[in-house]
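The values are calculated or read from the model by the stated rules, or taken from the named source; none is laboratory data. Computed from a predicted model, the values in this text were never measured in an experiment. Note that we place each Cβ from the backbone using ideal geometry, even for glycine, and neighbour counts take in every protein chain shown. Please note that ligands, DNA and RNA were not included when accessible areas were found on the heavy atoms of the full protein model with its side chains. Shrake-Rupley method; radii C 1.70, N 1.55, O 1.52, S 1.80 Å.
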Amino acid sequence: MTDKFLEALGIVIRDQIIMKNSVEIDGLGTFKPVHHNQKQEKRADGTNVMQPPKDTVEFTSAKKG
């Protein structure tokens with residue numbers, strides 16, 4: 001794979017994840033956007049802190065065999 005191909009692949013994956021679409025690559029796996037809602041966290045000193053919502057990307061590798 002060339003550097004230009006890998007760069008283009010990264011751009012396609014990024015653009016699809018931004019649009020909330022999963023990207024499956026045969027023989028490699030699936031990239032999937034995941035949204036996490038805000039949550040309240042209690043710290044060791046007893047104070048409560050609100051964690052903002054965030055979006056992450058999960059990768060699941062393709063099954064062999």
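Excluding ligands, DNA and RNA, what is the solvent-accessible area per residue of the chain at a probe of 1.4 Å, expressed in Å²?
Result: 88 Å² of accessible area for each residue.
In the chain, the DSSP-assigned H stretches of four residues or longer account for a calculated mean residue ellipticity at 222 nm of -8000 deg cm²/dmol, using -39500 (n - 2.57) per stretch and the full residue count as denominator. For the range 3-65, the set of trypsin sites (Lys or Arg not before Pro) satisfying both a DSSP loop assignment and a count of at most 12 other C-beta atoms within 10 Å is given as K20, R43, K63, K64.
With both labels modelled 7 Å from their Cα along Cα-to-Cβ, the T60 to F5 distance reads 2.7 nm.
Here Rg/Rh (Cα atoms, Kirkwood Rh) was calculated from the structure, and among [x] 1.01; [y] 1.53; [z] 1.20 it sits at label [z]. Backbone amide hydrogens, once placed in the peptide plane, bring G29 within less than 5 Å of A62, excluding anything fewer than 5 places away on its chain. Against the chain, whose longest principal axis is taken from its Cα atoms, helix 3-18 shows a tilt of about 40°.
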